[in-house]
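The values are calculated or read from the model by the stated rules, or taken from the named source; none is laboratory data. Note that the structure is predicted; figures quoted are calculated from it, not measured. Positions of Cβ are generated from backbone atoms using ideal geometry, with glycine treated the same way; all protein chains shown enter the neighbour counts.
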Amino acid sequence: MDVEIIEERDNPLLKRREYEFIISFEGATPPRGDVRKKLVSVLNSENRLTVLDSYTTEYGMNKAKGLVKVYFDEDSMGVEPKYLLSKNFPAEKPAENKKENEGD
């Protein structure tokens with residue numbers, strides 16, 4: 001998976017940097033978690049401050065275009081909708097806890 005940053009914007013009012021990117025990949029569209037990890041490494045940002053807003057695959061192509069936001073601090077992330085934060089930072093799955101309790 002290759003990442004190309006096509007635009008970078010500084011947003012001092014919301015204390016974040018916004019990046020538009022294009023990812024190239026082979027096969028199926030990569031999952032959100034894999035794209036986010038790759039962007040964190042390319043941008044040299046902190047995992048907990050990086051929010052993958054969206055990405056869409058171009059029809060018939062092995063490319064996707066998207067938007068990622070890198071916040072300066074955790075307090076600034078309060079402007080993000082909760083559903084988007086839950087997509088980026090999933091909680092521990094309850095199914096794993098259920099299996100552990102069955103063993104008792």
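Which of the residues that make up segment 55-78 are surrounded by 12 or more Cβ atoms within 10 Å (Cβ to Cβ) and either under 16 Å from residue 9 (Cβ atoms) or under 14 Å from the mean Cα position of the chain (by Cα) (or both)?
We begin by selecting, within segment 55-78, every residue surrounded by 12 or more Cβ atoms within 10 Å (Cβ to Cβ); these are 55, 57, 62-72, 76-77.
55, 64, 65, 66, 67, 68, 69, 70, 71, 72, 76, 77, listed by residue number.
Pick from 8, 18: which is over 18 Å from residue 77 (Cα atoms) and modelled with pLDDT of 95 or more?
Details: 18 fails: over 18 Å from residue 77 (Cα atoms).
Going through 8, 18 in turn, just one is over 18 Å from residue 77 (Cα atoms) and modelled with pLDDT of 95 or more: 8.
Considering segment 82-91 alone, what residues qualify as being surrounded by 10 or more Cβ atoms within 10 Å (Cβ to Cβ) and in a loop (DSSP other than H, G, I, E, B)? Even if it seems obvious, please write down each step before you answer.
Within segment 82-91, the first condition is being surrounded by 10 or more Cβ atoms within 10 Å (Cβ to Cβ), and the residues that meet it are 84-90.
Residues satisfying the conditions are 89, 90.
Please verify whether residue 81 is within 16 Å of the chain's Cα centre (by Cα), modelled with pLDDT of 90 or more and under 25 Å from residue 4 (Cβ atoms), treating the condition exactly as stated. Reasoning before the result, please.
Values: within 16 Å of the chain's Cα centre (by Cα): yes; modelled with pLDDT of 90 or more: yes; under 25 Å from residue 4 (Cβ atoms): no.
Criteria not met by residue 81.
How about segment 1-20: which of its residues are within 15 Å of residue 65 (Cβ to Cβ) and in contact with a helix residue (DSSP H, G or I) (Cβ under 7 Å, 6 or more places away or on another chain)?
1, 3, 19
Condition check ((1) among the β-branched types (Val, Ile, Thr); (2) over 11 Å from residue 21 (Cα atoms); (3) in contact (Cβ under 8 Å) with a residue 12 or more places away in the chain) across all residues:
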site	(1), (2), (3)
40	yes, yes, no
70	yes, yes, yes
73	no, yes, yes
78	no, yes, no
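For residues in segment 21-46 being outside any helix (DSSP H, G or I) and of a type in the set (Asp, Glu), which is farthest from residue 67 (Cα to Cα)?
In the first step, residues of segment 21-46 are kept if they are outside any helix (DSSP H, G or I); the result is 21-31, 44-46.
Those still in the list that are of a type in the set (Asp, Glu) too: 26, 46.
Numbers: 26: 20, 46: 16 Å.
Looking at residues that are outside any helix (DSSP H, G or I) and of a type in the set (Asp, Glu), I get 26.
Among the residues of segment 60-77, is there at least one that is at pLDDT below 95, β-branched (Val, Ile, Thr) and in contact with a strand residue (DSSP E or B) (Cβ under 6 Å, 6 or more places away or on another chain)?
Scanning segment 60-77 turns up no residue that is at pLDDT below 95, β-branched (Val, Ile, Thr) and in contact with a strand residue (DSSP E or B) (Cβ under 6 Å, 6 or more places away or on another chain).
In segment 7-19, how many are touching a residue at least 24 places away in the same chain (Cβ under 8 Å) and either in a loop (DSSP other than H, G, I, E, B) or farther than 17 Å from residue 80 by Cα (or both)?
Within segment 7-19, residues that are touching a residue at least 24 places away in the same chain (Cβ under 8 Å) and either in a loop (DSSP other than H, G, I, E, B) or farther than 17 Å from residue 80 by Cα (or both) number 2.
Quick check, is residue 57 among the β-branched types (Val, Ile, Thr), at pLDDT 85 or above and touching a helix residue (DSSP H, G or I) at 6+ places or on another chain (Cβ under 6 Å)?
Details: among the β-branched types (Val, Ile, Thr): yes; at pLDDT 85 or above: yes; touching a helix residue (DSSP H, G or I) at 6+ places or on another chain (Cβ under 6 Å): no.
Criteria not met by residue 57.
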